[in-house]
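Trainee: First the structure, then my questions, so here it is.
The values are calculated or read from the model by the stated rules, or taken from the named source; none is laboratory data. Quick caveat: nothing in here was measured; it's all calculated off a predicted structure. Ideal geometry is used to build each Cβ from the backbone, glycine not excepted, and the neighbour counts take in all protein chains shown. Areas reflect the complete protein model, heavy atoms only, side chains present, ligands, DNA and RNA absent. Shrake-Rupley method; radii C 1.70, N 1.55, O 1.52, S 1.80 Å.
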Amino acid sequence: MADALSVIPAAVLRNLSDKLYEKRKNAALEVEGIVKQLVGTGDHEKIKAVINLLANEYTYSPQANHRKGGLIGLAAATVALTSNASQHLELIVPPVLASFSDQDSRVRYYACEALYNIAKVVRGDFIVFFNQIFDALCKLSADSDPNVQSAAHLLDRLVKDIVTESDQFSIEEFIPLLRERMNVLNPYVRQFLVGWITVLDSVPDIDMLGFLPDFLDGLFNMLSDSSHEIRQQADSALSEFLQEIKNSPSVDYGRMAEILVQRAASPDEFTRLTAITWINEFVKLGGDQLVPYYADILGAILPCISDKEEKIRVVARETNEELRGMKADPAEGFDIGAILSVARSHLSTECEATRIEALRWISALLNRHRTEVLSFLNDIFKTLLTALSDPSDEVVLLVLEVHACIAKDEKHFHQLTLYLIQNFRDDYSLLEKRGALIIRRLCVLLDAETVYRKLSAILQGEPDLDFASTMVQALNLILLTSSELAGIRDLLKQSLLNDAGKNLFLSLYASWCHSPMAITSLCLLTQTYQHAGSIIQSLAEEDINVKFLVQLDKLIHLLETPTFAYLRLQLLEPGRYIWLLKALYGLLMLLPQQSVAFKILQTRLKTVPPYSFSGEQYKRMSPGSTLLEGKYVGGLQVSDGDISEDPHYMHGGIDFDSRLRQFKHVQQQHRMHTKSQAQSGYNSASSGKDVQRPEEPSRPPSSQETNRPPSMLSRRGPGQ
């Protein structure tokens, strides 16, 4: 200190802390001249003393004017030192940097001015202080005083110039500081950071691309900034980096993929679009590096497929197709379980397009890696079954394709059919709205005969008799009307001619017994007309209720469809198909005369030509008689005595007597079930009354009651 005081006159020291800028400036020029003299004599000890005096007594002084004078004095001393300044920087720069956080804005301004002058002198030698200078400039870029901001910008440009021409700059030491600052929200700081990233990336010797994962998330964060300028700068920087990635032979795709996946779910539309665009390029370029990240990438893509912005949807779909087309192997790190988990989780999303693509992924994995997928079946099977109730028809059809692929194994096929029946039982509306779609599609994807045999076998033991009847009626309607089931209809028509048709008829018969009209239509389809007549005659009084008549009405209308064209043509030969006529007249007798169905069937029967009958044939059709030798029954030529009106007969290897007993037994169960329910309902109603009225004797409905609309009659009946 004493050495410095002996070198610098007291008047100069007083002027250095004067409140007037001109006096401080002149004093600084005096200091510059003194230091030049010391440099000329090589007295570095006195130079250090002068610098310490300026730093300790002035820049760290509690008086603002002293601090201002100290800063301008340090800058003047550095100018005087010229090439010798580098050896004194450890003393010069720290006090200036400390002044950047001064409470007085003018002091901060002079600190910027001082460091600017120092940097111009020492250039690359002050790179050792770069991180501290960068940190200080980062704060000053958001300074509340515009003059300080302006001074900081000038200093920033100079520092950038120095860094770009220096070979001493360490990017490895700088990146942690940059990464720490990237999450700052202040718009001025963000502009400052993007500016530095862009400048450093332009330097050929600095590999910013290698450190991109360290600050990529921060750049993406800036895409949603409220300032258009910042968004534009961040987007420009990202576009430049993406272009570099395309041209670079070595890129760390994995770390960046994790960041992009998170940003693809951003609430900001522009951020999502940029992220999904990057993912699209990564999928094309990343190759094997991205295999372990496929599940995460898929988790980002699937929601974007249903994005409200069309541009995002287009890129997401393209990326999804690209990713699904890649042939990755589990041995290479392809995690099938993780992919399935992602697809399963998106089956419950509200977005239909996303659910569809998730199912396509499961289907693709099943086709390529069936064994591995089946090992994870317990994790996804329940969700796939639930998806059968999806409100979208397209989703349901895709789910069925997946199920059909799984159901190639008998065990899974059994599980599928069990669940379907359970689902239909629990939700009648599903059966009504989607039953036909589901059953028909399964029959296309799997063997129709196998599907019907399995469903029939399960329904045969169904404890819920009402549901069994409803389900059988639905299956029967699908069987009679769907083009997909034309093959098994043709097979059933051959039931009396070959074993395949007979076996199918018998496998359906047991469950079809739950519905009189279903079993009747099955007999008409298989041309077992005499048995159809026996079933009709076996119906009891309580069987004929509103539900029965509704089903009968449907059957009469079905008889007018192309499915039963062969039957209507057989009526041209009533002598050959006597049992058919008897069955149809039996149905006619069950219909109310004022109903539309009655008039339809009556009109049809009136067209039967009478000339095919002879008196002898009518005579032989009397009870206990047999048909004439050489005549036909059910489409087959039979000899006298082969078939009689007695239902206890066998034909085509089918024991119709046993089948009739089976039908009666099932229908008796339905009657008992109906009575039990009626009694239960009566008891429940009676228990809430103080006085119980005696039960009125039951009576058959009058013809007026029978012809009432369905809503006015009983809704439940045996076998319905």
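Trainee: Taking Leu154, is it open to solvent by 10 Å² or more (accessible area, probe 1.4 Å), touching a residue at least 40 places away in the same chain (Cβ under 8 Å), farther than 21 Å from Gly210 by Cα and among the hydrophobic types (A, V, I, L, M, F, W, C)?
Mentor: yes
Trainee: In addition: Name the residue that is surrounded by the fewest Cβ atoms within 10 Å (Cβ to Cβ), counting only residues in segment 89-112 that are within 18 Å of Lys68 (Cα to Cα) and out of contact with any helix residue (DSSP H, G or I) (no Cβ under 6 Å at 6 or more places or on another chain).
Mentor: Top of the filtered list is Gln103.
Trainee: Then there's this: Kindly indicate whether any position in segment 296-306 is open to solvent by 30 Å² or more (accessible area, probe 1.4 Å) and of a type outside the set (D, E, K, R).
Mentor: For segment 296-306, residues open to solvent by 30 Å² or more (accessible area, probe 1.4 Å) and of a type outside the set (D, E, K, R): present.
Trainee: Same structure, new question: Condition check: under 60 Å from the mean Cα position of the chain (by Cα) and surrounded by fewer than 17 Cβ atoms within 10 Å (Cβ to Cβ). Does Gln63 satisfy that?
Mentor: no
Trainee: Another question, if that's okay. Between a first residue in segment 248-262 that is more than 17 Å from Leu298 (Cβ to Cβ) and a second residue that is part of a helix (DSSP H, G or I), which pairs have beta carbons less than 7 Å apart while being 6 or more apart in sequence or on different chains?
Mentor: Pairs that qualify, where the first residue is more than 17 Å from Leu298 (Cβ to Cβ) and the partner is part of a helix (DSSP H, G or I), are Ser248/Leu209; Val251/Ile245; Asp252/Pro213; Arg255/Pro213.
Trainee: Right, another one. Applying the selection to segment 441-483, what residues are among the β-branched types (Val, Ile, Thr) and under 22 Å from Lys493 (Cβ atoms)?
Mentor: Val444, Thr450, Val451, Val472, Ile478, Thr481
Trainee: Out of all the residues in segment 225-255, which are assigned to a helix (DSSP H, G or I), among the hydrophobic types (A, V, I, L, M, F, W, C) and either within 16 Å of Ile279 (Cβ to Cβ) or open to solvent by 20 Å² or more (accessible area, probe 1.4 Å) (or both)?
Mentor: Listed by number, the residues that qualify are Leu238, Phe241, Leu242, Ile245.
Trainee: While we're looking at this one, here's another question. Of everything in segment 256-282 that's among the aliphatic types (A, V, I, L, M) and closer than 21 Å to Asp201 by Cβ, which residue is most open to solvent (accessible area, probe 1.4 Å)?
Mentor: Only one residue fits best here, namely Ile259.
Trainee: Mind checking which residues of segment 491-544 are charged (D, E, K, R) and under 51 Å from the mean Cα position of the chain (by Cα)?
Mentor: Passing the criteria: Lys493, Asp499, Lys502, Asp543.
Trainee: Give segment 199-224 a look and list any residue that's surrounded by fewer than 21 Cβ atoms within 10 Å (Cβ to Cβ), within 37 Å of the chain's Cα centre (by Cα) and not in a helix (DSSP H, G or I), or say none.
Mentor: Answer for segment 199-224, where residues must be surrounded by fewer than 21 Cβ atoms within 10 Å (Cβ to Cβ), within 37 Å of the chain's Cα centre (by Cα) and not in a helix (DSSP H, G or I): just Ser224.
Trainee: Of the conditions (1) out of contact with any His (no Cβ under 9 Å at 6 or more places or on another chain); (2) open to solvent by less than 30 Å² (accessible area, probe 1.4 Å); (3) among the aliphatic types (A, V, I, L, M), Leu38 clears all except one; give me its number.
Mentor: (1)
Trainee: Working carefully through the options Ala364, Ala338, Ala358, find the one that is surrounded by fewer than 17 Cβ atoms within 10 Å (Cβ to Cβ) and within 16 Å of the chain's Cα centre (by Cα).
Mentor: When all the criteria are applied, what remains is Ala364.
Trainee: Next question. Among the residues that make up segment 312-325, is at least one of them under 19 Å from Arg370 (Cβ atoms) and either free of Cβ contacts under 8 Å to residues at least 60 places away in the same chain or open to solvent by 10 Å² or more (accessible area, probe 1.4 Å) (or both)?
Mentor: Yes, there is a match, as at least one residue in segment 312-325 is under 19 Å from Arg370 (Cβ atoms) and either free of Cβ contacts under 8 Å to residues at least 60 places away in the same chain or open to solvent by 10 Å² or more (accessible area, probe 1.4 Å) (or both).
Trainee: Please go through segment 478-499 and pick out each residue that is assigned to a helix (DSSP H, G or I) and either in contact with a Leu (Cβ under 9 Å, 6 or more places away or on another chain) or closer than 13 Å to Thr561 by Cβ (or both).
Mentor: Across segment 478-499, the qualifying residues are Ile478, Leu479, Leu480, Thr481, Ser483, Leu485, Ala486, Ile488, Arg489, Leu491, Leu492.
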